[in-house]
Amino acid sequence: ALAAADGDERLNVLLVISDDLRPELGAYGSTAARTPQLDAFAAQGVRFDAAYAAQALCGPSRASLLTGRLTTSLGYFSHADPAEERLLLRREHIMTRHFADAGFEVLGTSKVAHHVANHDVVLDKYHKLPVISADQQCGNSVVCEDGAEAGQLTDAKALAWAMRQLDRLA
């Protein structure tokens with residue numbers, strides 16, 4: 001979530017990045033999954049109808065999105081180790097730094113850079129979500145069984161945090 005400085009009339013910007021998500025959401029006309037929260041969220045913002053991943057892996061794709069450069073020009077084709085990714089993110093003037101330079105507060109949660117340890121390069125403030133492991137219950141799991149409460153989903157917690165930040169900054 002990005003927010004303008006106090007007294008500024010610019011709009012807030014909320015960028016949602018999701019791995020491995022096809023447009024099988026109600027907002028795109030699909031009935032394959034029930035996604036009422038995402039559908040309502042999409043109705044309030046900009047929906048991209050022709051967005052494509054720069055690379056088949058999330059790390060290079062995230063770097064491409066943050067830098068505005070193709071992975072071929074970055075030399076980033078597979079998951080870099082944390083130190084290599086950190087150097088790349090520091091070397092490039094990434095999108096979030098453009099917002100920070102323009103006076104926006106740059107906040108984030110979940111996974112923005114591929115390696116969570118590098119979020120301090122990408123964000124001013126990072127909200128850590130619970131660690132996900134296979135033996136935990138639905139509240140901290142990536143996938144919950146059908147019928148689970150929406151608030152139990154880790155993504156729902158991330159979105160709720162982002163919406164609280166936007167409300168705070170409004």
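The values are calculated or read from the model by the stated rules, or taken from the named source; none is laboratory data. In this text the structure is predicted, and so the values were computed from the model without any measurement. Ideal geometry is used to build each Cβ from the backbone, glycine not excepted, and the neighbour counts take in all protein chains shown. Ligands, DNA and RNA are excluded from the accessible area calculation, which covers all protein heavy atoms including side chains. Shrake-Rupley method; radii C 1.70, N 1.55, O 1.52, S 1.80 Å.
Do the conditions hold for residue 23, that is, is it open to solvent by less than 80 Å² (accessible area, probe 1.4 Å), of a type outside the set (Ser, Thr, Tyr) and touching an Asp or Glu at 6+ places or on another chain (Cβ under 9 Å)?
yes
Evaluate the stretch 13-24: report whether one residue or more is part of a loop (DSSP other than H, G, I, E, B) and at pLDDT 85 or above.
no
Please state which of the following conditions residue 100 fails to meet, knowing it meets all the rest: (1) under 17 Å from residue 158 (Cα atoms); (2) open to solvent by less than 50 Å² (accessible area, probe 1.4 Å); (3) not in a loop (DSSP other than H, G, I, E, B).
(1)
Out of the stretch 122-148, which residues are of a type outside the set (A, V, I, L, M), surrounded by 13 or more Cβ atoms within 10 Å (Cβ to Cβ) and modelled with pLDDT of 75 or more?
124, 125, 126, 127
When you scan the stretch 112-121, do you find a residue that is modelled with pLDDT under 90, touching a Ser or Thr at 6+ places or on another chain (Cβ under 8 Å), closer than 23 Å to residue 157 by Cβ and of a type outside the set (Val, Ile, Thr), even just one?
Checked the stretch 112-121: no residue is modelled with pLDDT under 90, touching a Ser or Thr at 6+ places or on another chain (Cβ under 8 Å), closer than 23 Å to residue 157 by Cβ and of a type outside the set (Val, Ile, Thr).
Can you tell me how many residues within the stretch 34-84 are aliphatic (A, V, I, L, M), buried (at least 18 other Cβ atoms within 10 Å of the Cβ), over 17 Å from the mean Cα position of the chain (by Cα) and not in a loop (DSSP other than H, G, I, E, B)?
Qualifying residue count, the stretch 34-84: 1.
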